[in-house]
Amino acid sequence: MLFQTPREGDRVHMSAVRRLGEARDESVRLAEALSAAQGTPAERGAARDLAAGRAGVAAREAWLVWVERNV
């Protein structure tokens, strides 16, 4: 017997949506930090942090799609 993967509305789906929202919020915060750091020695680190934040958003989006498609 095959088990179904999580469906929309269950705890796993809600967690994936919440975590994606958190990652997006963090990405916005990091973009603002980069903007504030432009022209300073902190700019390079802020750009690196933003790139990592955007990668985190992409990973969370991919996970949500996986959960919603019941892959």
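No lab work stands behind these numbers, since they all come straight from the coordinates. Just so we're clear, the structure is a prediction, and the values are computed from it rather than from any experiment. Glycine also receives a Cβ, built like all others from the backbone with ideal geometry; neighbour counts cover every protein chain displayed.
Six or more apart or on different chains, Cβ under 9 Å: which pairs go from a residue in the range 14-39 that's under 22 Å from Leu64 (Cα atoms) to one that's surrounded by 13 or more Cβ atoms within 10 Å (Cβ to Cβ) and aromatic (Phe, Trp, Tyr)? Could you list them?
Every condition considered, the pairs that remain are Ala16/Trp63; Ala16/Trp66; Arg19/Trp63; Leu20/Trp63.
I'd like the residue in the range 46-71 that is in contact with a Leu (Cβ under 9 Å, 6 or more places away or on another chain), small (Gly, Ala, Ser) and crowded, with 17+ Cβ neighbours inside 10 Å and, out of all such residues, is farthest from Arg19 (Cα to Cα).
Ala46
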